[in-house]
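In what follows, a structure is listed as structure tokens, so that the remarks can point back to it.
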Amino acid sequence: MDNLKKWKTLKSKMVLDHPWCQVRQDEIELPNGKIIDDYFVSIKPDVAMILPITSSKEIIFVRQYRHAIGEFFLELPAGNFDPTKESAEVAAIRELTEETGYIPQEFRKIATLYDKPSKDTNQIHLFVAENVSKVGEQNLDITEEIEVVFIPVESVLDKIIQGEISVAGTVAALFLGLKFITYA
């Protein structure tokens with residue numbers, strides 16, 4: 001590791017600055033001295049993701065349409081947040097409640113991961129929540145149409161292997177989070 005060197009940013013400019021999408025163009029100097037003048041970085045908000053487990057040991061998923069791929073996906077409840085306005089913990093509970101109508105009884109952070117650090121700036125904050133209970137109805141954003149899906153814990157690995165659960169952040173959260181589940 002001592003021989004590895006960071007890239008040097010020579011110039012940086014925002015080439016797309018929209019509330020829903022920001023892209024920065026960097027001119028960088030590599031450790032070998034070569035200059036790359038068009039290295040693009042996507043400035044993305046952090047994500048809070050929660051693995052909610054019922055007292056009957058079912059994981060609550062949300063099925064929703066994802067326009068970039070043009071398909072429906074099974075995912076854990078999650079959403080973007082601004083860390084200067086709310087904590088990852090508050091955002092995770094908010095997203096769980098908005099998307100499913102459930103709240104956690106027990107709740108803990110399990111990891112913070114980087115989504116795609118070669119091109120994206122965001123982190124994914126992962127939480128596990130046990131003994132979740134229904135407190136109300138969904139409160140969805142205008143772009144959300146979400147089906148709440150319950151899958152027994154013991155069936156999740158098969159669903160991943162069969163490709164029914166295939167979103168990287170959700171898969172990572174499941175593998176990390178299943179370690180923390182109380183099976184009693």
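The values are calculated or read from the model by the stated rules, or taken from the named source; none is laboratory data. Keep in mind that this is a model prediction, so the values were computed, not measured. Quick reminder, even Gly has a Cβ in these numbers, built from the backbone with ideal geometry, and neighbours come from all protein chains shown. The protein model used for the area step is the full one, side chains on, heavy atoms only, and it has no ligands, DNA or RNA in it. Shrake-Rupley method; radii C 1.70, N 1.55, O 1.52, S 1.80 Å.
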Solvent accessible area, Å² - LEU157, 1.4 Å probe, full protein context: 90
The chain - convex hull of the alpha-carbon atoms, volume per residue in Å³: 161
Given charges at beta-carbon only (K, R positive; D, E negative), |dipole| of the chain in Debye: 700
Debye, to nearest 20: dipole size of the stretch 126-170, +1 on Lys, Arg Cβ, -1 on Asp, Glu Cβ: 140
Helix-only CD estimate at 222 nm, as mean residue ellipticity for the chain, using -39500 (n - 2.57) per DSSP H run (n ≥ 4): -4500 deg cm²/dmol
Estimated translational D of the stretch 19-114 in µm²/s (Stokes, Kirkwood radius over Cα pairs; 10 °C; 1.306 mPa s): 98
Hits among aspartates and glutamates - C-alpha to C-alpha of LYS159 under 16 Å, sequence gap 8 or more where chains match: GLU58, GLU75
Accessible heavy-atom area order of TRP7, TRP20, highest first, probe of 1.4 Å: TRP20, TRP7
Residue pairs, from the table LYS85/LYS116; LYS6/LYS109; LYS44/LYS109; LYS6/LYS179, whose Cα atoms sit over 27 Å apart: LYS6/LYS109; LYS6/LYS179
Amide N proximity, the stretch 102-145 versus LYS6 label position 7 Å along Cα-to-Cβ, cut-off under 18 Å: 114, 117-123
Accessible area of SER55 in the full protein assembly, 1.4 Å probe (Å², nearest 10): 90
Radius 9 Å from Cβ of LEU10, net charge of other residues (Lys, Arg +1; Asp, Glu -1): -2
Cα-based reach from LYS8 at 18 Å (exclusive), listing lysines while leaving out same-chain residues under 8 positions away: LYS34, LYS119
Difference of contour (0.36 nm per residue) and Cα-Cα distance, THR121 to LEU157: 10.0 nm
Candidate residues HIS67, HIS125, HIS18: accessible-area rank, largest first, probe 1.4 Å: HIS67, HIS18, HIS125
